[in-house]
Amino acid sequence: MERTLIIVKPDGVQRGLIGRVLSRFEEKGLRIAGLKLMRVSNELAETHYGEHREKPFFGDLVSFITSSPVVVGVVEGPNAVSITRGLVGATNPADAAAGTIRGDFGLTIGMNIIHASDAVESGKREVSLFFNDNEIVDYSRDIERWIVE
């Protein structure tokens with residue numbers, strides 16, 4: 001069972017897309033194990049986007065993610081990282097397939113609605129940045145026997 005982090009970014013929150021975005025994960029069969037509305041501090045944003053620190057767009061990333069509340073979530077299930085990445089779509093919404101979150105709702109790279117961890121290891125790191133262990137709920141759903149072999 002994998003876990004991954006998703007963030008409904010400020011543009012998704014401001015456009016009222018939280019429910020529509022989250023429903024994609026539940027409809028696919030993934031389980032939401034943690035969820036909260038929050039403001040990201042500059043310090044947390046700089047840590048989260050640390051791999052981009054030397055890139056020219058780093059300041060814009062930090063400014064954007066801290067500009068408005070976001071919804072952060074922990075999504076879990078078999079192959080949760082790759083399935084989540086597929087639901088999210090390409091980083092550039094112009095390249096994202098119709099039916100993906102970015103393909104359906106995004107217009108630009110800078111405001112592309114959602115973040116999703118890109119690998120199992122980054123998922124673990126990112127989940128630990130935004131959630132304490134007591135904020136992640138371990139539970140099962142009766143419907144899972146109809147979703148997972």
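Rule-based calculations on the coordinates, nothing more; no lab input. Keep in mind that this is a model prediction, so the values were computed, not measured. Don't worry about glycine lacking a Cβ; one is built from the backbone with ideal geometry, like all the others, and counts go over all protein chains shown.
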If you take the alpha carbon radius of gyration of region 29-73 and divide it by 2.2 N^0.38 Å, what ratio comes out, to two decimals? 1.32
Relative contact order for the chain, counting Cα pairs under 8 Å that sit 6 or more residues apart, in percent: 35 percent
Helix-only CD estimate at 222 nm, as mean residue ellipticity for the chain, using -39500 (n - 2.57) per DSSP H run (n ≥ 4): -10000 deg cm²/dmol
Along the chain, longest interval not containing exposed trypsin sites (Lys or Arg not before Pro), exposed being DSSP loop plus at most 16 other Cβ atoms within 10 Å: 54-140
Once phi is turned into ³J(HN,Hα) by the Karplus curve 6.51 cos²θ - 1.76 cosθ + 1.60 with θ = phi - 60°, what whole-Hz value does each residue of region 13-23 show in order, with x for glycine and proline? 5, 5, 8, x, 9, 3, x, 5, 5, 4, 4
Given a Förster distance of 41 Å, the FRET efficiency implied by the Cβ-Cβ spacing of Asp142 and Arg39, rounded to the nearest 0.05, works out to 0.70
Between the modelled labels at Ser67 and Glu149 (7 Å from Cα along Cα→Cβ) the distance in nm is 4.5 nm
Taking neighbour Cβ counts within 10 Å as the exposure measure, how do Thr66, Thr4, Thr91 sort from fewest upward? Thr91, Thr66, Thr4
With bins 10 Å wide starting at 0, give me the P(r) of the chain over every alpha carbon pair, in whole percents. 12, 42, 37, 8, 1
Loop only per DSSP, at most 15 neighbouring Cβ atoms within 10 Å: give me the GluC sites (Glu not before Pro) in region 27-95, ordered by residue number. Glu54
Which residue, Leu87, Leu30, Leu61, tops the fluctuation ranking in a GNM of the chain built on C-alpha contacts under 10 Å? Leu61
Using θ = phi - 60° and Karplus 6.51 cos²θ - 1.76 cosθ + 1.60, couplings along region 70-85 (whole Hz; Gly, Pro as x): 10, 10, 10, x, 10, 10, 9, x, x, 6, 4, 5, 5, 5, 4, 4
For the pair Leu107 and Phe57, the simple spin-label estimate (label points 7 Å beyond Cα toward Cβ) gives in nm 1.7 nm
